[in-house]
Ligand SMILES: *Cc1c(COP(=O)(O)O)cnc(C)c1O
Ligand SMILES: [Zn+2]
């Protein structure tokens, strides 16, 4: 099984000549659209078995939880691929939390257990490899910390220079320290992540690869979250997959992964996707629930990784929620703190943005979107050590209980 893809506009479907600019016809983001015809379930099962068997091999491509799926990714010459053995992450069952939330099953798929501590590695390995294959010598991104840390690590491995535009005073000390460890050049921008991304677009350096999630290669790596999650569940499809939403690249990518798994015959239905945002940074929840288009806001939340006021991938994410009969919900910073405490008390731990998923599940259960007999997976996006100030603050709070 080898999938072929067409690079085209995600809005008007016009084929694109280059991947590093928005659609020339309508300005929307690009995507790699799957062109492969459905294969029969037998061939799909055989392919899944071959991918699973690759884990026992010792080559760097087979040791990567992304490149094990390389037939389902845009083709990149193997000698250009930069990998840090990303994508081999745990799925943790949490029956006690499931019982308290009143759902049949709940598990955390912990993407914070990636090489640089966030899911960004899953997309970065593809984006940096593609950039390297094209001869780029520099990478650049706007970031609340995790994208920049991931870019810096992969760029360093590739021998590329890395530049990060970050919102001044709005990212955790741990993330700033981590990215500097990998040797990134940091440019601080006044304002929010949105201002940093705008500054990046204005800079538009011809020879620097932009590795934000507007880069369609990023989403191709991140879509493998869907494959890896299904594999970890022996291809049993959950009822819900709950994802925190900031710029909305990840929820879009995960939805795409499930749709492709369905198209390829690997599964026979897709899960419903729920996007959770922080109340002070919930423009997507606003637009999804109202049926209107994006109205940008100025974001305010302790969950810095999802403090985004004008998410670039909102149209893609809306399409994935529509396709999966999904939902969008917002939670308060207090609810995020309480959820973070509970995830920590379960021996798992995560950064605040990731804890929004558990808070969102409680909300979705209360409003009846998630039902009593549903089987739910929450995607934890960042490692507990990513924001130690948040951990200390939450630990000292006795008003939010574990
Ligand atoms: C980047 C990030 C998010 C948000 O993902 P988007 O693709 O921007 O929606 C959520 N949590 C963590 C920990 C992140 O690093
Ligand atoms: Zn277009």
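Derivation of every value follows stated rules applied to the coordinates shown; laboratory data play no part. Quick caveat, the model's predicted, so the values are computed rather than measured. Please note: Cβ atoms are built from the backbone with ideal geometry, for glycine as well, and neighbour counts cover all protein chains shown.
The relative contact order of segment 1-146 comes to 17 percent, based on Cα pairs under 8 Å that sit 6 or more residues apart. Taking every alpha-carbon pair under 8 Å whose residues sit at least 6 apart, the chain reaches a relative contact order of 17 percent. Can you tell me what percent of all Cα-Cα pairs in segment 249-294 are more than 16 Å apart? The proportion of pairs with Cα distances above 16 Å equals 51 percent.
Taking a ≥ b ≥ c as the square roots of the eigenvalues of the Cα gyration tensor of segment 149-196, is the shape rounded (a/c under 1.5), prolate (a/b larger than b/c) or oblate? Prolate shape, in that a/c is at least 1.5 and a/b is the bigger ratio. Fully extending the segment from residue 332 to residue 96 would add 82.6 nm, taking 0.36 nm per residue of separation and subtracting the current Cα-Cα distance. Cα centroids of segment 1-48 and segment 316-364: 29 Å apart. Compared with the alpha-carbon gap, the fully stretched path from residue 58 to residue 263 is longer by 70.8 nm at 0.36 nm per residue. Classify segment 305-378 as rounded, prolate or oblate from the Cα gyration tensor: take a ≥ b ≥ c as the square roots of its eigenvalues, call it rounded if a/c is under 1.5, otherwise prolate when a/b beats b/c and oblate if not. Since a/c reaches 1.5 but b/c is at least a/b, the shape of segment 305-378 is classed as oblate. For residue 85 and residue 35, the difference between the fully extended length at 0.36 nm per residue and the C-alpha to C-alpha distance is 15.2 nm.
Rounded if a/c is under 1.5, else prolate if a/b is larger than b/c, else oblate: which is the chain, with a ≥ b ≥ c the root eigenvalues of its Cα gyration tensor?
rounded
Descending by average beta-carbon neighbour count within 10 Å, the peptides 393-399, 134-140 line up as 134-140, 393-399, the highest first. How many angstrom lie between the Cα centre of segment 156-187 and the Cα centre of segment 58-121? Their Cα centres are 23 Å away from one another. Look at where the Cα atoms of segment 273-297 and of segment 245-261 average out, and the two centres are 16 Å apart. Descending by average beta-carbon neighbour count within 10 Å, the peptides 124-132, 342-350, 292-300, 311-319 line up as 124-132, 311-319, 342-350, 292-300, the highest first. Here the spin labels are modelled as points 7 Å beyond Cα on the Cα-Cβ line, and at residue 75 and residue 134 they lie 1.9 nm apart. Most tightly packed first, judged by the mean number of other beta-carbon atoms within 10 Å of their residues, the peptides 378-390, 259-271 read 378-390, 259-271.
Grab the beta carbon distance between residue 25 and residue 49, set R0 = 35 Å, and tell me the FRET efficiency rounded to 0.05.
0.25
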